[in-house]
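J.: One structure follows; several queries about it will come next.
The values are calculated or read from the model by the stated rules, or taken from the named source; none is laboratory data. Note that the coordinates shown come from a computational prediction; the quantities given were computed from them, not determined experimentally. Don't worry about glycine lacking a Cβ; one is built from the backbone with ideal geometry, like all the others, and counts go over all protein chains shown. What goes into the accessible areas is simple: the full protein's heavy atoms, side chains included, and nothing from ligands, DNA or RNA. Shrake-Rupley method; radii C 1.70, N 1.55, O 1.52, S 1.80 Å.
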Amino acid sequence: MKDKIIGIVIYFYSVLPTLIFILGWFEWYWAFIFGVLILTACFKSINVSSQDSCFITQDFNMKVTLIVLLIVAVWVYLSGIGGYCFQNKDHRVRNSIFNILVEYNWPVVSTDGSRGLIYYIGFWLPAACIGKVFGLEAGYFFQAIWAILGIFCIYYLICIYRKKWDLLPIIFMIFFSGLDYVGIWLLGKDGMDLILASHIEWWAADFQFSSMTTQLFWVFNQALPAWLATILILNQKNCKNILFILSLIMLQSTFPFVGLIPIVIYLYIKRIIADKNNWKEIFTFQNIVGVIVVGGSVFFYLLGSVSGTKLAVDNAKSMLTEPAAQGMRYALFYLLEFGIYLCFIFRYKKRDPLVYVIVGILLICPFIKVGSSHDFCMRVSIPALFILMIMCIEGLEKIYRDKKIYTLVVFSILLLLGAITPFNEIHRSVKETFLRATDGRSVRSEAVNAEDIFHGDNFSGNLQNNLFYKYLSKW
């Protein structure tokens with residue numbers, strides 16, 4: 001019974017944003033039909049996961065749980081979610097989007113009726129509902145509560161995956177990162193000379209792989225749902241739910257959704273290799289609903305985004321002009337961001353094809369660009385980096401069990417060097433919060449003007465000839 005309750009919490013946490021979107025954006029008849037189908041698929045997924053014992057842990061420890069909840073609450077507070085601590089500059093737009101979701105009617109359309117809000121808005125929708133009923137500040141408070149609940153669910157699922165209940169997963173989630181500090185030191189980057197509290201992850205100039213703390217502090221709305229979907233999929237004993245789970249992050253974490261697709265394909269192929277008859281298990285009610293209803297609805301909604309139509313090959317031309325020089329540049333980036341960690345875990349994981357899948361994803365990410373910035377590289381890589389983090393936890397434990405003292409010391413030193421990146425992010429939040437509180441300034445970033453959001457290519461689209469607004473939306 002306990003694992004069933006846990007399954008209900010985790011699946012409803014995952015499905016609620018999409019369900020709110022369906023009810024808030026669609027014509028009532030579509031909302032009713034799609035809502036019933038999604039809820040039915042959700043309950044079927046819960047039953048499958050419960051039958052497969054996906055949520056059972058034997059080592060539950062209340063003391064550890066309370067410590068983890070405290071750590072998670074502090075981490076979320078320092079991230080700026082809710083606006084109670086210093087917010088990095090990306091929060092300006094995120095605060096504006098949340099304000100719009102609370103203050104405008106759904107579906108959200110500009111006052112002149114020409115453009116609609118078209119963005120991966122899923123994370124904010126539960127808090128926006130609270131904001132509409134109890135006021136904007138209550139909505140901001142619930143954002144923080146929603147984030148704390150989500151991170152604890154992720155921590156719980158990592159413990160299930162490892163079959164161990166301890167503090168190591170939350171420590172790694174906060175402090176795991178590539179060796180950005182080493183990259184800056186090697187290159188002697190001007191303006192990024194190892195100053196405490198600086199944002200050091202752009203050392204490679206035009207692309208980056210973000211640490212978990214950086215993701216939470218800058219793009220929490222994409223990162224958190226992606227972490228949850230990744231570990232939830234990894235905990236599945238078969239493929240009966242994986243497409244449904246995958247579809248649920250399409251509205252919340254659109255770029256990480258793309259990064260999860262190769263991982264899901266690998267897991268399906270793995271099941272078929274284990275038993276050819278397993279090819280049928282993906283054709284379940286919940287997976288079909290996930291692909292057709294959830295995936296189809298969100299696809300038509302996001303199709304109207306202006307930035308989504310801007311697809312380019314990033315950095316590839318420079319590779320063709322001077323391949324030797326550019327090859328060295330990429331080799332250094334890959335080595336410091338994930339390659340050096342592979343050297344320590346490869347001995348234990350070389351027979352696991354998932355290692356090669358995530359390496360392939362990370363190798364390709366810097367070469368593709370969608371929109372006007374490098375979001376594809378930074379966000380599509382999130383599921384692969386999350387899995388790499390779990391593999392590093394396992395690798396550290398196995399090195400310790402094998403009593404390879406020198407290897408353990410070197411690996412630990414590298415992990416500590418990587419931890420400088422999230423430490424800088426945390427230190428900046430503490431420093432700026434203290435300074436702003438002392439000066440009487442607000443720690444919450446001032447929201448961007450709503451009209452700037454509606455006329456910004458990354459967040460909206462024209463409603464003229466928009467298929468979603470014409471045939472599905474209640475606007």
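J.: Residues in segment 259-287 that are farther than 28 Å from Asp375 by Cβ and of a type in the set (Gly, Ala, Ser): how many?
T.: So the count comes out to 1.
J.: Shifting gears a bit: Pairs needed: first member in segment 44-55, free of Cβ contacts under 8 Å to residues at least 12 places away in the same chain; second member anywhere, assigned to a helix (DSSP H, G or I) and open to solvent by less than 10 Å² (accessible area, probe 1.4 Å); C-beta distance under 9 Å; at least 6 residues apart or different chains.
T.: Cβ pairs passing all conditions: Asn47/Gly7.
J.: Okay, next question. Cβ-Cβ under 9 Å, sequence separation 6+ or interchain: first residue in segment 448-460 and under 9 Å from Arg115 (Cβ atoms), partner among the hydrophobic types (A, V, I, L, M, F, W, C) and open to solvent by 30 Å² or more (accessible area, probe 1.4 Å). Which pairs?
T.: Ser460/Val306
J.: A further question on this structure: Under the condition of being under 30 Å from Tyr334 (Cβ atoms) and among the β-branched types (Val, Ile, Thr), which residue from segment 129-188 is most open to solvent (accessible area, probe 1.4 Å)?
T.: Ile171
J.: When only residues in segment 66-118 that are free of Cβ contacts under 8 Å to residues at least 12 places away in the same chain and within 23 Å of the chain's Cα centre (by Cα) count, which is farthest from Ser460 (Cα to Cα)?
T.: Going through the qualifying residues, I end up with Leu70.
J.: Does segment 244-260 contain at least one residue that is modelled with pLDDT of 90 or more, among the polar types (S, T, N, Q) and open to solvent by 20 Å² or more (accessible area, probe 1.4 Å)?
T.: yes
J.: Which one is farthest from Phe220 (Cα to Cα), of the residues in segment 119-138 that are within 24 Å of the chain's Cα centre (by Cα) and outside any helix (DSSP H, G or I)?
T.: Filtering first and then ranking leaves Tyr119.
J.: Being closer than 19 Å to Leu168 by Cβ and touching a helix residue (DSSP H, G or I) at 6+ places or on another chain (Cβ under 6 Å) narrows it down to one residue among Ile56, Ile71, Ile100; which is it?
T.: Ile71 is the lone residue from the list that is closer than 19 Å to Leu168 by Cβ and touching a helix residue (DSSP H, G or I) at 6+ places or on another chain (Cβ under 6 Å).
J.: So Val289 fits all but one of (1) surrounded by fewer than 18 Cβ atoms within 10 Å (Cβ to Cβ); (2) in contact with a Leu (Cβ under 7 Å, 6 or more places away or on another chain); (3) closer than 24 Å to Val9 by Cβ; what number is the exception?
T.: Of the numbered conditions (1) surrounded by fewer than 18 Cβ atoms within 10 Å (Cβ to Cβ); (2) in contact with a Leu (Cβ under 7 Å, 6 or more places away or on another chain); (3) closer than 24 Å to Val9 by Cβ, the odd one out for Val289 is (1).
J.: Another question, if that's okay. Within the set of pairs 6 or more residues apart or between chains, which connect a residue that is free of Cβ contacts under 8 Å to residues at least 40 places away in the same chain inside segment 7-26 to a residue that is of a type in the set (Ser, Thr, Tyr) with Cβ atoms less than 6 Å apart?
T.: Close Cβ pairs (under 6 Å, with a partner that is of a type in the set (Ser, Thr, Tyr)) amount to Tyr11/Ser45.
J.: For residues that are of a type in the set (Ser, Thr, Tyr) and under 15 Å from Phe152 (Cα atoms), scanning just segment 24-80, find the one that is most open to solvent (accessible area, probe 1.4 Å).
T.: Checking each candidate, the answer is Tyr77.
J.: Would you list the helices (runs of 4 or more DSSP H) that sit entirely within segment 145-236 and hold 3 or more residues that are free of Cβ contacts under 8 Å to residues at least 40 places away in the same chain?
T.: 180-187
J.: In segment 97-122, how many are closer than 13 Å to Tyr140 by Cβ, open to solvent by less than 10 Å² (accessible area, probe 1.4 Å) and not aliphatic (A, V, I, L, M)?
T.: Final tally of qualifying residues: 1.
J.: Additional query: Would you check if Lys369 is of a type outside the set (Ser, Thr, Tyr), open to solvent by 40 Å² or more (accessible area, probe 1.4 Å), touching a residue at least 40 places away in the same chain (Cβ under 8 Å) and not in a helix (DSSP H, G or I)? First the steps, then the outcome.
T.: Working: of a type outside the set (Ser, Thr, Tyr): yes; open to solvent by 40 Å² or more (accessible area, probe 1.4 Å): yes; touching a residue at least 40 places away in the same chain (Cβ under 8 Å): yes; not in a helix (DSSP H, G or I): yes.
Considered against the rule, which asks whether it is of a type outside the set (Ser, Thr, Tyr), open to solvent by 40 Å² or more (accessible area, probe 1.4 Å), touching a residue at least 40 places away in the same chain (Cβ under 8 Å) and not in a helix (DSSP H, G or I), Lys369 comes out as yes.
J.: From the residues in segment 264-286 that are within 15 Å of Gln236 (Cβ to Cβ) and of a type in the set (Lys, Arg), which one is most open to solvent (accessible area, probe 1.4 Å)?
T.: Within segment 264-286, the match that is most open to solvent (accessible area, probe 1.4 Å) is Lys270.
J.: Go through segment 335-363 and give me each residue that's part of a helix (DSSP H, G or I) and acidic (Asp, Glu).
T.: Scanning segment 335-363 gives a single hit, Glu337.
J.: If you don't mind, another one. Provide a single number: the residues in segment 396-419 that are over 21 Å from Thr214 (Cα atoms) and either surrounded by fewer than 21 Cβ atoms within 10 Å (Cβ to Cβ) or in contact with an Asp or Glu (Cβ under 7 Å, 6 or more places away or on another chain) (or both).
T.: Looking only at that region, the number is 14.
J.: Here's something else I'd like to know. Does Ser381 satisfy the criteria of being within 23 Å of the chain's Cα centre (by Cα), at pLDDT below 90 and polar (S, T, N, Q)?
T.: Details: within 23 Å of the chain's Cα centre (by Cα): yes; at pLDDT below 90: no; polar (S, T, N, Q): yes.
Answer is no for this residue.
For every residue, the table says whether it meets (1) over 25 Å from the mean Cα position of the chain (by Cα); (2) assigned to a helix (DSSP H, G or I); (3) crowded, with 18+ Cβ neighbours inside 10 Å.
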residue	(1), (2), (3)
Thr421	no, yes, yes
Ile426	no, yes, yes
Leu435	yes, yes, no
Arg444	no, no, yes
Ile453	no, yes, yes
Gly456	no, no, no
Gly461	no, no, yes
Asn465	yes, no, no
Phe468	yes, yes, yes
